[in-house]
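See structure below.
Quick note: the coordinates plus some simple rules give every number you see, no bench work behind them. All of these numbers come straight from a predicted model, not from anything done at the bench. FYI the Cβ positions are ideal-geometry reconstructions off the backbone, even for glycines, and counts take in every protein chain you see.
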Amino acid sequence: MEVYEATKYLNSEDYLLNRVPVVDKNNVPLMPTKCSKARKLVRDKKAIGKWNKLGQYYIQLTFEPSARERQPLAVGLDPGKKYSGIGIQSSKVTLFTAHLVLPFEQVKKRMEQRAMMRRSRRGRRINRKLPFELRSHRQKRFDNRRNKKVAPSIRANRQLEIRVISELCKVYPISSIVFEYVKADVDLTSGRKKAQSGKGFSAVMVGQKWAIEQLSKIAPVVTKFGWQTSNLRKHLGLEKQKYQKSDAIPATHAVDGVTLAVTQFIDYLPFENSQGRGHCWQGQVNITDAPFFVIRRPPISRRQLHLMLPSSGGNRRKYGGTTTVHGFRKGDYLKAEKAGIVYQGWCSGDTAKQVSVSNANWKRIGQFTASKVRLLRRSTNLICTQRDNFSVAVI
């Protein structure tokens with residue numbers, strides 16, 4: 001179910017200058033259009049307003065377009081350990097920016113908890129008073145110490161980035177994906193690996209090749225190094241906040257995503273003329289205001305048969321899962337009412353008669369009577385909120 005009406009969205013002041021994604025009757029992405037034109041198409045019933053799984057508004061044409069020419073569109077991805085930045089850029093306009101809150105710490109803690117619970121179960125099952133050959137040890141079925149799998153915490157980070165880019169490619173005709181590659185060098189004094197910045201080995205380096213392989217199935221991937229992103233960002237005059245990286249603002253990570261996308265239109269190339277030779281920036285691009293999204297996964301616990309510790313009486317209650325007794329699922333976008341005040345948020349839990357509603361940071365707003373809670377949108381396993389626009393901040 002739609003959260004907002006199309007006319008209210010297209011007439012809002014924040015989006016009058018932005019571009020609206022467009023798809024044809026067969027859901028093939030076309031070039032984005034201005035809000036004024038999208039408003040006329042929806043008004044004349046030549047297009048239908050829809051929302052994708054990122055909470056982004058787009059229109060679907062009901063007629064065959066007269067032309068299908070496409071301009072190059074690049075999406076830049078600045079991967080990180082806890083936060084990532086994404087930006088979509090054409091030579092004329094900035095189309096989309098996002099700040100991704102990665103589930104690294106959450107997955108890491110849960111993997112540690114899972115290992116601890118497994119050890120406790122083994123301790124209860126095995127009688128250590130018996131000789132080793134008489135204990136109920138399960139024999140190993142395979143050698144699980146030699147594999148090339150990506151760690152679950154890193155894999156979850158990369159999967160969230162791939163999920164967001166794949167959703168964007170459904171509404172934008174993306175021509176290339178620019179991936180910031182972290183390269184490791186060897187310190188000759190100690191013989192240890194160090195990151196390109198010289199600050200030590202980074203967890204972002206793990207699983208890079210796997211992520212690039214997955215992204216290459218969506219669109220052609222181009223890799224850039226961090227120093228290339230930094231040089232171009234300074235040339236463009238974009239402001240970068242290098243402290244408090246957890247701030248969900250465009251200046252922390254989204255600005256690097258836009259800069260990476262701009263590399264497809266501007267490059268530092270050699271030149272030679274009558275006055276001499278050298279290198280200079282060549283190309284032209286126009287960076288404009290664009291929608292800014294904050295995207296994260298809802299921290300929903302997986303279903304467990306029982307809690308880790310028993311309660312009084314030796315019983316363990318059910319824990320985790322996505323279902324509730326009231327028909328809502330955890331992660332659903334809800335509208336709730338209490339004392340005449342209307343709240344909107346995501347379903348995060350339930351009791352026998354109430355439903356818990358939380359905000360975008362998964363902090364509980366309150367518990368509401370189930371009869372006064374209404375479903376607005378089913379869960380997409382993503383929490384997407386749109387903040388103030390990405391604005392060009394010149395140093």
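Between A67 and F142, the modelled label-to-label distance comes to 5.5 nm, taking each label 7 Å out from Cα in the direction of the beta carbon. Looking at region 31-122, the chymotrypsin sites (Phe, Trp or Tyr not before Pro) that sit in a DSSP loop and have at most 13 other Cβ atoms within 10 Å of their own Cβ are F63. Near the amide H of G349, within less than 5 Å, lie the amide hydrogens of S356, all on another chain or at least 5 residues away, with H placed in the peptide plane.
Couplings 3J(HN,Hα) for region 340-347, derived from phi with the Karplus relation 6.51 cos²θ - 1.76 cosθ + 1.60 (θ = phi - 60°), are x, 9, 9, 10, 10, x, 10, 5 Hz, where x marks Gly and Pro. Looking at region 210-282, the chymotrypsin sites (Phe, Trp or Tyr not before Pro) that sit in a DSSP loop and have at most 12 other Cβ atoms within 10 Å of their own Cβ are Y243.
Restricting region 76-157 to trypsin sites (Lys or Arg not before Pro) that sit in a DSSP loop and have at most 12 other Cβ atoms within 10 Å of their own Cβ leaves R128, K129, R135, R138, K140, R141, R145, R146, K148, K149. Listed peptides 295-302, 23-30 appear in the order 295-302, 23-30 once ranked by packing, highest mean of other Cβ atoms within 10 Å at the front. For F104, the shell of other residues with beta-carbons less than 9 Å away shows a net charge of +2, using +1 for Lys and Arg and -1 for Asp and Glu. Comparing A219, A151, A370 in a Gaussian network model of the chain where C-alpha atoms under 10 Å apart are linked, the largest mean-square fluctuation is found at A151.
Extension gain, Q282 to N359, is 23.2 nm, computed as 0.36 nm per intervening residue step minus the present C-alpha separation. Within the chain, the longest segment free of exposed loop sites, counting GluC sites (Glu not before Pro) that fall outside DSSP classes H, G, I, E and B and have at most 16 other Cβ atoms within 10 Å, spans 70-238.
The helix-based estimate of mean residue ellipticity at 222 nm for the chain, built from -39,500 (n - 2.57) per DSSP H run of four or more residues and divided by its residue count, is -6500 deg cm²/dmol to the nearest 500. Extension gain, S246 to E105: 0.36 nm times the residue separation minus the Cα-Cα distance gives 49.4 nm.
For each pair in K108/K353; K53/K92; K40/K217; K25/K149, compute the distance between the two Cα atoms and list the pairs where it is over 31 Å. Pairs exceeding the cut-off: K108/K353; K40/K217; K25/K149.
The phi torsions of region 92-109, fed into the Karplus equation with coefficients 6.51, -1.76 and 1.60 and a -60° offset, translate into couplings of 10, 8, 8, 9, 7, 9, 8, 10, 9, 8, 7, x, 4, 5, 5, 5, 4, 5 Hz, rounded to whole numbers, with Gly and Pro shown as x.
As a proxy for reagent exposure, ranking S348, S120 by other Cβ atoms within 10 Å from fewest up yields S120, S348. For a paramagnetic label modelled on S175 (point 7 Å from Cα along Cα→Cβ), amide N atoms under 19 Å away belong, within region 222-251, to 222-224.
For the pair K318 and Q113, label points projected 7 Å from Cα toward Cβ lie 1.8 nm apart.
Multiplying the residue separation of K82 and R128 by 0.36 nm and removing their Cα-Cα distance gives an extension gain of 12.4 nm.
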